[in-house]
Structure formats: C-alpha cells, structure tokens
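First the structure, in the form of structure tokens, and then the observations on it.
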Amino acid sequence: MINLSWQAPASLAIILFALGLIGLITRRNLIFVILSIEVMLNAVALLFIVAGMRWGHPDGQVMFIFILNLAGGELALGLVLLLRLRARITTLDGDSANILRES
Amino acid sequence: MGNIIWIIPAAPLIGSILLGLFGARWSNRWSGFIGTLSIVISALLSVAIAVHWFQDPPVDEHMRIMLWRWISLPEYSSYIEFYLDPVSLIMMLVISVIGLLIHIFSTEYMAGEAGYSRFFAYLNLFVASMLLLVLANDLLVLFVGWEGVGVCSYLLVGFWFHKAANGYAARKSFVVTRIADVAMLVGILLLSNALGTVSIQPMLAKAALLWPHGGIMAAAGAALLLIGGLGKSAQFPFQTWLPDAMAGPTPVSALIHAATMVTAGMYLVIRLYPLFALVPSVLTVIAVGAVITILTASLTALVQRDIKRVLAYSTVAQIGYMFLALGVGAWSAAMFHFLTHAVFKALLFLSAGAIAMRLHHEQDIFRMGGLRQKLSVVFWAFLIGSASLAALPVVSAGAFSKEMILASLWESPGLGKWLWLAALFGAVLTATYIFRVVFLVFFGEVKTEPTGHYGVRIVVPLVLLAIAASTIGWLEMPKFMASSSVFSSFLEPVLGHPATESTLPHWVTAAGYIAPLLGVVIGFGLYRSGYWVRTAGPVGQGNDGGQAERSMGEGVRRFMRAGFGFDFLYDRLLVQPFLWLVKILRNDPIDAIFMSAAAAAMRFHGALRRSQIGQLRRYAGMLALGSMAVIVIMVFA
Amino acid sequence: MTYSMFDVVFYGAGAFSVVTTTLAITRTNPVYALLNFVMSILGIALVIFVLGAPFAASLEVIVYAGAVVVLFLFVVMMLNLAHLKTDFGVKRGRSVRLAVPGVLVISIIIEIGIAFSGRFGKETTYHIIGPSAVGRQLLVADIIPIELGSMLLLAALLGAFHLARLSPERGRQ
C-alpha cells in the first residue's frame, strides 16, 4: 500500500495555474492569451484529479471530463473569434482590439 | 308595476350607449329618433307608474325595488336599489316628461349642428344619471347619479368645444361643483361611518334615534351634504358657475341648468329632511344663504344684456326660493315650487332658444325688439313663462308655489318675518327683470329681422309647456280660492302635513299677489322712459368697457352686472393663489432632488466609464482580483 | 524518507511540465510555444497517470495534445503569421507591467496555500480509479450534466460554424 501526499500534486496544479495567469495578464498576443487560458483550465483539471485521488472517488475524473468539454467549446469559439478579429485589425495585439470604445 | 321601474333609467342609458357607439355612422334623423325614443319609453313608463300609483297606492306609500347587490363586505353591503315614493315619483315624472319635450325640441333645434348624435348621447346619459339620482335608495347610488349628471353637464356646457370660452365655462362649472361634491362625499362617508349604513331610510331612522336634537354629528353631516347640494344647485357661495354654463346649447340650459340637475341639491335636502330637521342651525344657514342668493341673483339679472344670462340668474334666484322654503321646513312648498319652476323655466329657455334660432343666434336683448307680431307663438309662450316666473296671480303656476313659500315664511318663527320681507322684495325684482326682457324683446321697433320658420317639433313642446305653466298651479291652491291641495296631500305621507294658513293675515296674502304686479309696472315704466336702453351697459358680459359715464349709478350697475364681483373675488382669493402655486411648482422643486440623484449617477457613470479602457489584460487582472476577493470571503469569512 | 518510483516519476514529470509551460508562455513564435505546450501536457498526463487516473491521463493526451494543439496549429496557419506583426516590441514601463501581475499571482498563490493548508488531512491511500468506475459514475449518476455538456458543445459548434462563415459584405470592412 503506497501512501501519497496530495499536497504536492495540488501545488503543481497551483503553480501551473499561476503560470497561466501570468501569461494571460502579461502577453498581448491573442494566441498566447488563449494558450494561457488553456493552461489554466488544464491546471484546474489537474486539481480535480488530485481531489479525486484524495477522496478515492471517480467524481474528480468526471469533473476532468467536464472541463475538457468546456475547454473544447471555449477553444473553438475563441479561435474562431480570433480569426474574425484578424479581419478587423492588422495585428494580433489584444490591446488594439478596443475599437468598440467610443473615444 | 314596480318590477319594470329599472327600465326608466335603463332606456336612456341604452340609448346613450347606442348613440355613443354607432351615432357617428347613423344619419341625424335616425340619431334623433333613437335619442328621443329612449326618453319616450321612460316618460310613458313614468306616467304609467304615476297613474297606477294614484289608482292604487302601494302599502306604506313607497316601493323598494332591489336590482342586485353592488358591494358586499363582511359587515356592510350596498345594493343597487330603487326607492319610489311620492317625492321621487314627482321628480321622476318631471325629469322624464320635461326631458322628453326638450328632446323633441332639440331634434329640430340642433339640426345641422356638427356632433348631432353626440349631443343626444350626452343628453340621454344625463337623463339616465338624473333618474338614477332621484330613484336611488342609498346615498352611494345617489352619488353615482350625482357625479353622472355633473359629467354630463360638463360635456354639454363644453359641447361647442372649439371655442375656448366654452371650454373654460365647462371647466368652471365642473370644478366648482366638484369642490362642493368633495364635501358631500365626506358627508356621506361621515354618515355611513357613524350610522353604519348608506341606505337612506334606515339611516334617517337611526339618526333620529341616536342623535340628539341639534347634535354636533347631525350638524356636521347635514352641513357637509348641504355644501354638496349648494354646489350642484348653484346657490351662494357657489352660484358663479351657472351663468357661465349658459355656453352650452339652449336645450341643455333648459333641461340641465334650469329644470332638473340644478334642483338636485334641493332634492337631496328633501330626501334627507329628517336629518336636517334635527339641526335648526343648519336650516337657518340655508334660509339666510338663500336670501343672499335671491337678492344678489335678482339684482344681477336686472342688468344683464344676454337673455340666457338673465334666465340663468333667475334660475339661481328661483332655486334660492326653494332653499328658502327648505330653510323654514316647508318641504312640500319647495317641492311644489320645483315642479312649477321646472315647467316654466324650461318653457322660458326653450322660448329663448326658439328666438335665437330665428335671429342668427342673437342673444343680446338690446338687439332684439318688436318680435310680438313676428314670432307670436314664442311671444305667448315666453309671456306665459314670464308671468309664471314673476308669479302673476291666478293665471300662472308660479303664483301658487311662490305664495305657498311666502305663506310658510310668514308663519315660521324666528327670522320668518324678515325672510318674508326679503322674499317679497325678491318677488318684485323677479317681475321687474323678467318683464324688462319681455318688453325689450317683444315690443318696440324691430332691430333684427327674423328668418326661417318653426317646425312642429318646436311648437308642440312650447305649447304643451305653456299650457302646463299656466295650469299646473291649480294642483295646489290657497284655501280661500278653491281649496285644492292635491299636491301637498299627495306628498303628505312623506313630508308631513304642511303648515296651515289659518293664522295668515289677509294683507300678507295680498302683498304676495301685489308684489309681482308692482314689479311688472316698474318694468314697464322704466321701459317707457327708456331707462333700460340708457343703462344697457357695454356689449359683452360683465367686463367694464370704460366708455360709460363715470357716474355713481353706472359703477353700481357695473358691479351688479359682474354678479356682485363674486367671480372677481374667487379669482383673487382662489384662482390666483392657485396659479401662483402652480407657477412655483412648475419647475418642480421636489423633482430637483430626484434629478440631483440622477446627476450624481451620471457623474459616477462617467467615472466608471473611464475604467472601461477596452484592454483585455486589465480586465483579466480585474477578474483575478475579484476571484481573489471571493476566495477570501469564502475561505476566511 | 525514501523516495518511491512513483515519487520520482511524479516530481520528474511535474518539474518537466512546469519548465515547458514556462517556456510555452514566454515564446514569441506561436509554433514553438505550442510545441512546448504539447510537452507540458505530456508531463501532466504522466502526473495524472501516477495519481491513479489512467482514463483521465489518456484523455489528456488524446484531447489536449491531439485535438487542442492541432486546432491551435490550424488556426496559426490560417492566420498567415508571416504577414502579421506578432512582435509588439517592448513598451516603456515594462517593469511596472510585470510587477502588477507578479504581485497578483504571488498573492493568489499565498491565498490558496493558506486556504489549503491544514485542511483535508495529510495522507491518502492510493486507489486506481479505472475507466469502468468513471464510466459508471459518468453515465449513470451524472447523465443530466452529460446532456448539458453536450448542449454546451452543440452551442459551441453552432457558434463556431456561424462565426467562421465569412460574409463578404461584413467581413471585408
């Protein structure tokens, strides 16, 4: 019987989440913004796996599947929006996509 | 017989609804036919019921006909219920029969007017409301009819609403009566609260049982209801609306503002007379107010140029006589005067309308003249009406009713003799001002040439009313003449036995008969001397033209012409302060508070908007910050 | 304290995924970033496997490393990056721009650490939760959420389909 602490994998998930958040906030290229969001979703999914492990229950993996589901939908729409935005602006700079603002 | 009584108010109501819905599409002939037919049904039924009543009076001399339950509350319920006794029977007869004659007259008078069907819709609605008013068994239903006639009066005074002055007159009549109606509503609520019912007969029984003679509750209730009645009947201090209400078509003036609606106040007092009998102080107030009304209105009528305004002021004065009779407790005298007044005043107004029809709607008596040969039918009709109004002895109905009032005044204790004297003076004035009109309009040289001719629908109502105006007084004669007391004995079960005339000195009776003759003589004398023409006053109503000589007499006359300055007084006392208040409130100071809240919100919005920079990364950072805060709250709170 | 094989694999794979993720979010070329992302996902899949969730690990590889990254690559190709300015240069005040997210991230880590510390026990027994257990949970107990998830995917599908249709009159603006 192997005993495994759950803190270490949880910390790994948190570190990955933080990396994704840093990427989300600092990067201006919209491809990287979406990539960072994927990283963050992945980290959260990992955290659910850890929780499932901790309690020995399949719900963690069920939630993992739901997050995959969500990530898939989010990614598809996000990338399509990126393509549409490409037609409007000449760069992929997220900061220049503020043309909805009146002044 | 009683179970068909609901048709009497229902028929005009249905006529009104039909005319209101389809009148615009119908031809004028058809509209007039429907409008008149509904009144014919009412009138025939009323007469039938009255005949039946005479042959076979019901038990206890009254009928109660319950239609349906209106309001149902745990400890209170109100029914739509009709109450028929001799008083309401007479009211009902007068309203439906005179209403019918005026409808017939109107079908010709209003021919060619725009809004012909609208006119009959309003007129039918008025008759329905008025019948509801007089038949109501409880004060709530009565109030419904009361307000209904008020609305119809408003609509009909403003019938020619294209002229701003008519709209003003309509609003004035509506607002003034509404002010009085508020007092009346308060009175009804007071009575229902104190006595637990609004049904008139149980309420009166309870009041007589519970309240002491001259008690404060009875006085308050009676006074509040009286204010409503005074407003509706255009009595002092509410008399100012009635002369302006003459802006409506003349048949309307005849029906609403002379024969029926304005007597609703008197009807209210008679209906509730046991309550008023409890409080002699209120009765004294009624009597004194009535004297003021009679004298001011008669003096004002003496100097008017407009024939309809003369008649309007005379209406005010005659209703003043009714209230004077009420003030001394002569209920059946008031009822009798109501009956004769309804007949002869309708006759006078219809005659005035008939004159105006032929003279291009001329209403200025100084532009008329010599119409005696030209319009002989109208001359005789108007003459009979005037004789009746002036109460010329024997030949006119008004003489008997006015004599009855004078007799009861003389016999009443306290102020009675003084009231009698004032009323006698009023009678002189009445004869003077009405015969001033008669002489100016029908004698002398022709000033405006009449055109056109009368149809049968004009002549028949005039003739019928003229016959009635000269004969209806014989229902009730003093003892020394014929000893006929059909009327008062008919009313006796309700109103009690009238005062006897045994103690009346002969010279008092004689004075009552001589006073009108004296008035006629004065009128004729001043006409012959040209005094009326000299003092005609400026054209237009009441406003001082400034071109008249600045003599003392002219000043007084101007004051009288303006109705003793009541309009001016109310304008300064009520209207101007109200307008001042409105001017202050126009910019809505209260609203400024709320607007400042809106302005603050706008500023806050501007500040918040500056944070919306459209930068994705900052939004993400804010989101992260928000999630942090949420986690802090969830985990550490 | 001895290190088991599991510990070795876990720490190795975890460190590998952290490093590759860091590289992924700092690249300027999106293709390199995506390659690093694939590496990190493989590391995370290994971690998940070690944690006793073989089904989830295989899904991680299939869906993320397979579908998601390939989708990314398609889009990067469609964006025609050769004609698109992707390097925006360094703006002034960069240090401030890095400091703010740094403080934010560190405080979030501290906050979550405080939230987790001292709760949920320390040790846990090791279970392998195989696909059958997950499937039973998923398709028997959670059938309604599954349907909702399918609706979410349907909505995403319709949305993507609609948005991706280039309408000339509006797309050329």
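The values are calculated or read from the model by the stated rules, or taken from the named source; none is laboratory data. Fair warning: this is a prediction, and the values are worked out from it, not measured in the lab. Positions of Cβ are generated from backbone atoms using ideal geometry, with glycine treated the same way; all protein chains shown enter the neighbour counts. Only protein heavy atoms, including side chains, enter the accessible area calculation; ligands, DNA and RNA are left aside. Shrake-Rupley method; radii C 1.70, N 1.55, O 1.52, S 1.80 Å.
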When every residue in region B:342-364 that is part of a helix (DSSP H, G or I) and out of contact with any Leu (no Cβ under 8 Å at 6 or more places or on another chain) is compared, the one farthest from B:VAL378 (Cα to Cα) is B:ALA342
Tell me, which helices (runs of 4 or more DSSP H) lie completely within region B:243-311 with 3 or more residues that are surrounded by fewer than 22 Cβ atoms within 10 Å (Cβ to Cβ)? B:273-277, B:280-301
Any residue at all in region A:40-63 that's in contact (Cβ under 8 Å) with a residue 40 or more places away in the chain, touching a helix residue (DSSP H, G or I) at 6+ places or on another chain (Cβ under 9 Å), under 23 Å from C:VAL31 (Cβ atoms) and surrounded by fewer than 21 Cβ atoms within 10 Å (Cβ to Cβ)? no
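Residues checked against (1) farther than 30 Å from B:TRP418 by Cβ; (2) of a type in the set (Phe, Trp, Tyr):
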| position | (1), (2) |
| --- | --- |
| B:PHE338 | no, yes |
| B:LEU347 | yes, no |
| B:ALA354 | yes, no |
| B:ARG358 | yes, no |
| B:MET368 | yes, no |
| B:SER376 | yes, no |
| B:TRP380 | yes, yes |
Which of the residues belonging to region C:1-16 are modelled with pLDDT of 90 or more and acidic (Asp, Glu)? none
Pairs with Cβ under 9 Å, 6+ apart, first in region B:33-45 and at positive phi, second surrounded by fewer than 22 Cβ atoms within 10 Å (Cβ to Cβ) and part of a helix (DSSP H, G or I): none
What number of residues within region B:584-608 satisfy the criterion of being on the phi < 0 side of the Ramachandran plot and not in a helix (DSSP H, G or I)? 1
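Is it fair to say B:GLY606 is within 14 Å of chain A (Cβ to nearest Cβ), open to solvent by less than 90 Å² (accessible area, probe 1.4 Å) and within 30 Å of A:ILE31 (Cβ to Cβ)? First the steps, then the outcome.
Numbers: within 14 Å of chain A (Cβ to nearest Cβ): yes; open to solvent by less than 90 Å² (accessible area, probe 1.4 Å): yes; within 30 Å of A:ILE31 (Cβ to Cβ): no.
So B:GLY606 fails the test.
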Within region C:114-149, how many residues turn out to be part of a helix (DSSP H, G or I), more than 8 Å from every other protein chain (Cβ to nearest Cβ) and within 24 Å of the chain's Cα centre (by Cα)? 5
Just to be sure I understand, how many residues within region A:22-39 are within 8 Å of the chain's Cα centre (by Cα), open to solvent by less than 20 Å² (accessible area, probe 1.4 Å) and among the hydrophobic types (A, V, I, L, M, F, W, C)? 3
Failed criterion for B:ILE384 (all others in (1) of a type outside the set (Ser, Thr, Tyr); (2) in a helix (DSSP H, G or I); (3) farther than 26 Å from B:LEU268 by Cβ; (4) open to solvent by less than 10 Å² (accessible area, probe 1.4 Å) hold): (4)
Going by what's in this entry, would B:PHE105 be described as assigned to a helix (DSSP H, G or I), open to solvent by less than 70 Å² (accessible area, probe 1.4 Å), among the aromatic types (Phe, Trp, Tyr) and more than 29 Å from B:GLU492 (Cα to Cα)? yes
Just checking, how many residues over region B:203-242 are open to solvent by 10 Å² or more (accessible area, probe 1.4 Å) and closer than 13 Å to B:THR315 by Cα? 3
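Let's see how each residue does on (1) among the small types (Gly, Ala, Ser); (2) more than 7 Å from chain C (Cβ to nearest Cβ); (3) in a helix (DSSP H, G or I); (4) touching a Lys or Arg at 6+ places or on another chain (Cβ under 9 Å):
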{"residue": "A:LEU21", "(1), (2), (3), (4)": "no, no, yes, no"}
{"residue": "A:LEU24", "(1), (2), (3), (4)": "no, yes, yes, yes"}
{"residue": "A:LEU35", "(1), (2), (3), (4)": "no, no, yes, yes"}
{"residue": "A:ALA45", "(1), (2), (3), (4)": "yes, yes, yes, no"}
{"residue": "A:ARG54", "(1), (2), (3), (4)": "no, no, yes, no"}
{"residue": "A:MET63", "(1), (2), (3), (4)": "no, yes, yes, no"}
{"residue": "A:ILE67", "(1), (2), (3), (4)": "no, yes, yes, no"}
{"residue": "A:GLU74", "(1), (2), (3), (4)": "no, yes, yes, no"}
Among the candidates C:PHE37, C:PHE16, C:PHE6, C:PHE10, residue that is in contact with a helix residue (DSSP H, G or I) (Cβ under 8 Å, 6 or more places away or on another chain), assigned to a helix (DSSP H, G or I), more than 10 Å from chain A (Cβ to nearest Cβ) and not aliphatic (A, V, I, L, M): C:PHE16
Region B:609-637, residues that are part of a loop (DSSP other than H, G, I, E, B) and either touching a residue at least 24 places away in the same chain (Cβ under 8 Å) or within 11 Å of chain A (Cβ to nearest Cβ) (or both): B:GLN612, B:ILE613, B:GLY614, B:GLN615
For A:ASP93: the one exception among (1) facing another protein chain (nearest Cβ under 7 Å); (2) under 28 Å from C:VAL100 (Cα atoms); (3) without any contact (Cβ under 8 Å) to a residue 24 or more places away in the chain; (4) surrounded by fewer than 19 Cβ atoms within 10 Å (Cβ to Cβ): (3)
Within region B:511-535, of all residues that are surrounded by 15 or more Cβ atoms within 10 Å (Cβ to Cβ) and of a type in the set (Phe, Trp, Tyr), the one farthest from B:GLY444 (Cα to Cα) is B:TYR513
Please go through region C:60-79 and pick out each residue that is exposed (fewer than 14 other Cβ atoms within 10 Å of the Cβ) and at the interface with another protein chain (Cβ under 7 Å from one of its Cβ atoms). C:MET78
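Of the residues that make up region B:32-54, is at least one over 30 Å from B:PHE487 (Cβ atoms), under 27 Å from the mean Cα position of the chain (by Cα) and open to solvent by less than 10 Å² (accessible area, probe 1.4 Å)?
Within region B:32-54, the first condition is being over 30 Å from B:PHE487 (Cβ atoms), and the residues that meet it are B:32-35, B:37.
Filter again for under 27 Å from the mean Cα position of the chain (by Cα), leaving B:32-35, B:37.
Within this subset, residues satisfying the condition of being open to solvent by less than 10 Å² (accessible area, probe 1.4 Å) are B:32, B:35.
Yes; the residues of region B:32-54 include at least one that is over 30 Å from B:PHE487 (Cβ atoms), under 27 Å from the mean Cα position of the chain (by Cα) and open to solvent by less than 10 Å² (accessible area, probe 1.4 Å).
Condition first: outside any loop (DSSP other than H, G, I, E, B) and either at pLDDT below 80 or touching a Gly at 6+ places or on another chain (Cβ under 7 Å) (or both). Now tell me which residues in region C:68-94 satisfy that. Full working, then the answer.
If we filter region C:68-94 for residues that are outside any loop (DSSP other than H, G, I, E, B), which is where we start, we get C:68-78, C:81-83, C:85, C:94.
Correct list: C:LEU81, C:ALA82, C:HIS83, C:LYS85, C:ARG94.
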Checked against (1) over 21 Å from the mean Cα position of the chain (by Cα); (2) of a type outside the set (Gly, Ala, Ser); (3) crowded, with 23+ Cβ neighbours inside 10 Å, B:GLU81 satisfies every condition except (3)
Quick check: anything in region B:570-583 outside the structural domain of B:ARG305 (by TED's automatic domain parsing), assigned to a helix (DSSP H, G or I) and touching a residue at least 60 places away in the same chain (Cβ under 8 Å)? yes
Considering only residues that are farther than 23 Å from B:PHE344 by Cα, surrounded by fewer than 21 Cβ atoms within 10 Å (Cβ to Cβ) and not basic (Lys, Arg), which ones fall in region B:413-438? B:PRO413, B:GLY414, B:LEU415, B:GLY416, B:TRP418, B:LEU421
Do we find a residue being of a type in the set (Ser, Thr, Tyr), assigned by TED's automatic domain parsing to the domain that holds B:SER489 and farther than 30 Å from B:HIS103 by Cα anywhere in region B:419-430? no
